[in-house]
Amino acid sequence: MKFEKRILCIGAGFVGGPTAAMIACKCPRYRVTVVDTNRERIAQWNSATLPVYEPGLDEIVRKTRGRNLFFDTDIPKGIRESEIIFVCVNTPTKTFGAGAGLAADLQFWEKTARQILEHARSPKIVVEKSTFPVKTALAMERILNSRAGGIHFDVLSNPEFLAEGTAVRDMEFPDRVLIGSRDTEQGYRARDVLVALYANWVPRERIITSNIWSSELSKLAANLFLAQRVSTINAVSAICEKTEADVTEVSKIVGMDGRIGARFLNASIGFGGSCFKKDILNLVYLCRHEGLPEVADYFEAVVRINEYQKERFVLNMLEAMFNTLAGKRICLFGFAFKADTSDTRESPAIHVARRLLEEKAEVVVTDPRALDNAKADLRGLDGKIRFVQDPYRAAQGCQAIAVMTEWGLYRGLDYEKIYKRMVRPAFIFDGRNILDHRRCHAIGFNVYPLGRPALTHFK
Ligand code: UDX
């Protein structure tokens with residue numbers, strides 16, 4: 001079969017894999033290839049068990065793989081054969097040198113740009129798909145167009161707004177697709193090629209075009225706004241606990257204001273995931289660099305409140321359990337940073353587990369999807385840790401359950417059965433406010449919700 005267009009995704013991670021699969025699914029006339037240097041990862045994408053868990057992803061990969069979707073390790077060949085290249089490599093936070101802990105580590109990205117330059121034999125449209133600091137496209141352009149008389153490259157910014165756990169739905173029915181380009185004839189031509197690609201399934205009015213810097217900054221700003229909402233409601237949860245107000249009620253009332261809206265107002269043990277913290281710290285770094293220290297401090301507070309919320313949760317547990325956790329067995333319900341994903345990056349559960357071990361508690365971790373990642377996250381820590389898939393067995397002999405992830409499964413468990421297997425007095429700390437607290441209290445648990453009065457049996 002002759003394909004109309006050849007598309008390449010460099011980076012077979014959470015963004016590259018699902019993006020490629022969706023394009024392949026919606027554009028059967030395009031050939032889409034995903035490449036990565038990590039052979040094991042590519043082998044997983046070619047196997048029955050995909051390296052990332054996303055509802056609905058298996059199905060679209062099964063439908064397209066081998067037809068117009070391919071996973072491969074031959075990056076040079078992929079570059080030579082494609083017209084559009086999506087750069088989906090990861091941009092972790094820098095751990096060394098200037099900007100360590102704040103700025104993005106761009107070494108993988110720069111390596112990719114140089115690889116494209118080395119292997120390309122014809123003009124390409126290079127699309128920034130991963131979240132990059134503002135002005136990365138400029139650096140990309142400079143590297144790519146650094147050869148006098150060489151091939152011309154157009155660089156576009158097309159940030160990914162998908163959230164994990166709902167990636168397939170988010171990509172199929174996006175709120176908006178954003179394409180940033182240079183304000184030149186050449187830039188517009190490249191932009192229109194990408195617009196046409198998305199127009200295969202996205203209504204035209206949802207495809208937004210902008211200048212390339214607005215596009216890069218909008219992605220970071222969107223995550224700042226979302227994270228800020230979570231940090232704000234989490235800060236409110238702390239006042240609720242001191243005043244006997246109920247954060248769930250407050251959140252509902254505030255969210256009914258049409259200007260504010262109801263979403264992203266669930267108090268939690270803290271936000272996690274690969275984006276929020278990283279993107280906000282990127283902005284903080286950028287602001288400091290640009291001589292805007294007040295703005296940097298303001299943004300940084302969003303992250304600080306998040307750290308505070310995680311630690312506050314642990315200290316609440318300690319206080320409720322008579323100021324000592326030493327030798328007590330505590331079960332963490334969930335380890336993923338949110339439900340419906342196996343991803344544990346920046347999961348608040350990591351902080352909680354680490355702190356409980358420091359308090360010399362024994363930790364039992366249960367999670368329907370994330371136990372392998374949990375094991376890797378906690379490797380090398382001192383203390384007693386066990387990983388048990390079955391929540392009933394995990395809670396056996398524990399003094400407390402701490403809900404870390406809002407998996408639907410935890411709502412439907414038989415808490416009577418669980419209570420019988422636990423040591424008394426038994427505690428529940430619900431870091432996601434998902435359980436039926438009254439019912440758990442009636443069974444005999446001492447229940448500590450988040451941002452709501454505790455339900456205890458102590459006089
Ligand atoms: C986020 C953005 O939503 C997405 O647009 C961007 O491209 C990548 O970052 P993701 O990290 O997958 O996506 O998760 P998201 O659903 O945004 O949740 C982030 C964190 O906030 C999770 O830990 C979640 O549990 C927490 N959260 C979310 C709350 O604590 N309360 C809420 O009301 C909503």
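The values are calculated or read from the model by the stated rules, or taken from the named source; none is laboratory data. Everything quoted here is computed from the prediction, not taken from an experiment. Every residue, glycine as well, gets a Cβ built from its backbone with ideal geometry; the counts of neighbours run over all protein chains shown. Heads up: the accessible areas ignore ligands, DNA and RNA and are worked out on the full protein's heavy atoms, side chains in. Shrake-Rupley method; radii C 1.70, N 1.55, O 1.52, S 1.80 Å.
When the charge dipole of the chain is built from unit charges on Cβ atoms (+1 for Lys and Arg, -1 for Asp and Glu) and taken about the Cα centre, the candidate among 412, 293, 199 whose Cα reaches farthest toward its positive end is 412.
Using just its DSSP H runs of length 4 or more, each adding -39500 (n - 2.57), the chain gives a mean residue ellipticity at 222 nm of -13000 deg cm²/dmol after division by all residues.
List the pairs from 219/252; 278/384; 94/129; 94/360 whose alpha-carbon separation is above 23 Å, in the order I gave them. Write down the numbers at each step before the final one.
Values: 219/252 27 Å; 278/384 31 Å; 94/129 19 Å; 94/360 32 Å.
Violating the 23 Å limit, Cα to Cα: 219/252; 278/384; 94/360.
For a test of the definition: using alpha carbon positions, the gyration tensor, and the 1.5 limit on a/c, classify the range 1-120 as rounded, prolate or oblate. Could the numbers behind the result be given before it?
Values: a/c = 2.29, a/b = 1.45, b/c = 1.58.
The shape class here is oblate.
Please give the charge dipole size of the range 26-104, origin at the Cα centre, charges +1 on K and R Cβ atoms and -1 on D and E Cβ atoms. Round to the nearest 20 debye. Don't jump to the answer; show the numbers that get you there.
Details: 12 positive and 9 negative charges, 46 e Å.
Roughly 220 debye for the range 26-104.
Packing-based ranking of 310-321, 446-457 yields 446-457, 310-321, ordered from highest to lowest mean Cβ neighbour count within 10 Å.
Taking amide H as placed 1.01 Å from N in the peptide plane, the amide H of residue 156 sits under 5 Å from that of 126, 127, 128, each at least 5 places away or on another chain. Under a 5 Å amide H cut-off, with hydrogens placed 1.01 Å from N, residue 429 pairs with 401, 402, 403, 448 among residues at least 5 apart or on other chains. For the range 79-215, what class follows from the C-alpha gyration tensor (a ≥ b ≥ c being the square roots of its eigenvalues): rounded when a/c is under 1.5, otherwise prolate if a/b is larger than b/c, else oblate? The shape class here is oblate.
Amide H to amide H distances under 5 Å link residue 329 with 362, 399, where only residues 5 or more positions off or on other chains count and H is placed in the peptide plane. Report the net charge of residues surrounding residue 296, where surrounding means a beta-carbon distance below 11 angstrom and charges are Lys +1, Arg +1, Asp -1, Glu -1. Charge balance near residue 296 sits at -3.
When the Cα positions of 446, 422, 435 are compared along the charge dipole of the range 417-457, 422 comes out farthest toward the positive end, with charges on each C-beta of Lys, Arg, Asp and Glu.
Before I look further, what does the range 26-95 give for accessible area per residue, probe 1.4 Å, in whole square angstrom?
Details: 3300 Å² over 70 residues.
Heavy-atom accessible area per residue stands at 47 Å².
The residues neighbouring residue 145, those whose beta-carbon lies less than 12 Å from its own, together hold a net charge of +2 under the Lys/Arg +1, Asp/Glu -1 convention.
Around residue 382, what is the net charge, scoring Lys/Arg as +1 and Asp/Glu as -1 over all other residues with Cβ under 11 Å from its Cβ?
Values: positive: 354, 360, 384; negative: 358.
Charge balance in the 11 Å sphere: +2.
How do 217-226, 140-149, 262-271 rank on mean C-beta neighbours within 10 Å, highest first? Walk me through the numbers on the way to the answer.
Numbers: 217-226: 18.9, 140-149: 13.6, 262-271: 21.4.
Final packing ranking: 262-271, 217-226, 140-149.
Using Cα pairs under 8 angstrom and six or more residues apart, how large is the relative contact order of the chain, in percent? Spell out each step's value before the answer.
Numbers: 897 pairs, mean separation 50.4, N = 459.
Relative contact order, the chain: 11 percent.
Shape call for the range 203-299 from the C-alpha gyration tensor, a ≥ b ≥ c root eigenvalues: rounded (a/c under 1.5), prolate (a/b greater than b/c) or oblate?
On the way: a/c = 2.58, a/b = 1.43, b/c = 1.80.
Oblate is the answer for the range 203-299, as a/c is 1.5 or above yet b/c matches or exceeds a/b.
Taking 18 Å as the straight-line reach from the Cα of residue 277, the aspartates and glutamates in range (excluding those fewer than 8 positions away in the same chain) are 105, 160, 164, 216, 297, 300, 307, 311, 343, 346, 377. The distance separating the Cα centre of the range 57-131 from that of the range 354-423 comes to 37 Å. As a rough guide to protection, the peptides 283-289, 18-24 ranked by mean Cβ packing within 10 Å, highest first, stand as 18-24, 283-289.
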